[in-house]
1. Against the conditions (1) surrounded by 12 or more Cβ atoms within 10 Å (Cβ to Cβ); (2) out of contact with any His (no Cβ under 6 Å at 6 or more places or on another chain); (3) modelled with pLDDT of 90 or more, where does LEU3 fall short? Just the number, please.
2. Has the range 9-24 got at least one residue that is free of Cβ contacts under 8 Å to residues at least 60 places away in the same chain, charged (D, E, K, R) and surrounded by 12 or more Cβ atoms within 10 Å (Cβ to Cβ)?
3. Quick check on the range 47-68. Is at least one of its residues surrounded by 12 or more Cβ atoms within 10 Å (Cβ to Cβ), of a type in the set (A, V, I, L, M) and either in contact (Cβ under 8 Å) with a residue 40 or more places away in the chain or outside any helix (DSSP H, G or I) (or both)?
4. Which of the residues belonging to the range 8-39 are of a type in the set (Phe, Trp, Tyr) and either modelled with pLDDT under 95 or within 24 Å of the chain's Cα centre (by Cα) (or both)?
5. Tally time: how many residues in the range 28-38 are farther than 11 Å from LEU3 by Cα and surrounded by 11 or more Cβ atoms within 10 Å (Cβ to Cβ)?
Amino acid sequence: MKLSTHVKPITYLKANASEVIRNFEHDKTPLVITQNGEAKCVVQDIKSFEAMQETLALLRILALGKEQVEKGEVVGIEDVRSHFANKS
């Protein structure tokens, strides 16, 4: 995804907000909004935002799991099996 082609000044967003929102139906690329020539925020459609949040949540879970493995805070499969076998 090349964001450099999707950069607009804040005045464009103010004047064309409805059009910007409509364009997200066809083009899911986020729009970078600038103020005084500096990138200040990103506007994106809600479905892409939600998908990104879900992806970040999964990455956090994976990172936590990796950290637990590195610290040795894991239980072997045989210990898990025997634990559940003893519960029945």
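1. In the conditions (1) surrounded by 12 or more Cβ atoms within 10 Å (Cβ to Cβ); (2) out of contact with any His (no Cβ under 6 Å at 6 or more places or on another chain); (3) modelled with pLDDT of 90 or more, LEU3 misses (3) alone.
2. In the first step, residues of the range 9-24 are kept if they are free of Cβ contacts under 8 Å to residues at least 60 places away in the same chain; the result is 9-24.
Checking the rest, the ones that are also charged (D, E, K, R) come to 14, 19, 22.
Those still in the list that are surrounded by 12 or more Cβ atoms within 10 Å (Cβ to Cβ) too: none.
No: zero hits.
3. Within the range 47-68, the subset surrounded by 12 or more Cβ atoms within 10 Å (Cβ to Cβ) is 48-49, 51-52, 65.
Next cut, of a type in the set (A, V, I, L, M) only: 51-52.
Among the residues that remain, those that are also either in contact (Cβ under 8 Å) with a residue 40 or more places away in the chain or outside any helix (DSSP H, G or I) (or both) are: none.
For the range 47-68, residues surrounded by 12 or more Cβ atoms within 10 Å (Cβ to Cβ), of a type in the set (A, V, I, L, M) and either in contact (Cβ under 8 Å) with a residue 40 or more places away in the chain or outside any helix (DSSP H, G or I) (or both): absent.
4. PHE24, the sole residue that qualifies.
5. 3
The values are calculated or read from the model by the stated rules, or taken from the named source; none is laboratory data. Bear in mind that the values here come from a model prediction, so they are computed numbers and not experimental data. Every residue, glycine among them, receives a Cβ derived from its backbone with ideal geometry; neighbour counts consider all protein chains shown.
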